[in-house]
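**Student:** Questions regarding the structure given below will be posed in turn.
What follows is calculated from the coordinates using simple rules that are stated; it is not laboratory data. The structure presented is a predicted model; accordingly, all values stated were derived computationally and were not measured. Reconstructed Cβ throughout: ideal geometry from the backbone, glycine too, with neighbour counts over all protein chains shown.
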Amino acid sequence: QVQLADSGGGLVHAGDSLRLSCAASGRAFPIYAVGWFRRAPGKDQEFVASISSNGGVSVYADSVKGRFTISRDNAESMLHLQMNSLKPEDTAVYYCAARAFSPNYYSYEYPIWGQGTQVTFSS
């Protein structure tokens, strides 16, 4: 099993870019599908993006499609989320998560979670 540690959050303005990272411990990272979820203040947790174990398949929420890119480096046991053209509605705590088998949208099917990293908009 792996453990996850997210990082890279910060204070952003409209149109900014930010790259989130998730470091995985343990040698099993390459067999896990991984994803990003987020929770905005007062809202339910929301799927952002996920990627298959070999990186060949990625899926995005409609709200971030074309702006965010998920990627992974299995040799380094790292997951990334490149976020471009950020909007105020992207303000949230972002969590990386891992599951065996294929990636999907459902947070309850991901048993392994990072601690979260905050992305906050500054006006």
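**Student:** Limiting things to C-alpha atoms, what are the Rg and the maximum Cα-Cα separation (Dmax) for segment 1-67, in angstroms?
**Tutor:** Expressed in Å, the Cα Rg and Dmax of segment 1-67 come to 13.5, 38.
**Student:** Could I ask something else about it? Rounded, prolate or oblate for segment 26-65? Axes are the square roots of the Cα gyration tensor eigenvalues, ordered a ≥ b ≥ c, and the cut-off for rounded is a/c under 1.5. Please report the intermediate quantities before stating the final value.
**Tutor:** Working: a/c = 5.05, a/b = 1.74, b/c = 2.90.
Taking the square roots of the gyration eigenvalues as a ≥ b ≥ c, segment 26-65 is oblate.
**Student:** Between beta-carbons, use under 14 Å as the cut-off and find the net charge around Asp90, counting Lys and Arg +1, Asp and Glu -1. Could you put the intermediate results ahead of the total?
**Tutor:** Values: positive: Arg19, Arg38, Arg39, Lys43, Lys65, Arg67, Lys87; negative: Asp16, Glu46, Asp62, Glu89.
Value of the local net charge: +3.
**Student:** Separate question: Among the trypsin sites (Lys or Arg not before Pro) in segment 13-57, which ones are in a DSSP loop with at most 13 other Cβ atoms within 10 Å of the Cβ? Mind listing them?
**Tutor:** Working: sites: Arg19, Arg27, Arg38, Arg39, Lys43; in loops: Arg27, Lys43.
Filter output for segment 13-57: Arg27, Lys43.
**Student:** Where in segment 12-34 does the amide nitrogen come within less than 18 Å of the point 7 Å from the Cα of Ala100, taken along Cα to Cβ?
**Tutor:** Flagged as within label range: 25-34.
**Student:** Using 0.36 nm per residue, how much length does the chain from Thr91 to Glu46 gain when fully extended, once their Cα-Cα distance is taken away? Write out the running numbers ahead of the final one.
**Tutor:** On the way: separation 45, 0.36 × 45 = 16.20 nm, distance 1.19 nm.
Taking Thr91 through Glu46 to full extension adds about 15.0 nm, to one decimal.
**Student:** Quick check: Cα centre of segment 104-123 to Cα centre of segment 28-86, how many Å?
**Tutor:** Cα centres, segment 104-123 to segment 28-86: 9 Å.
**Student:** So between Asp62 and Glu109, what do we pick up on full extension, going 0.36 nm a residue minus the alpha carbon distance? Let's see the in-between values first.
**Tutor:** Numbers: separation 47, 0.36 × 47 = 16.92 nm, distance 2.02 nm.
Additional length available on full extension: 14.9 nm.
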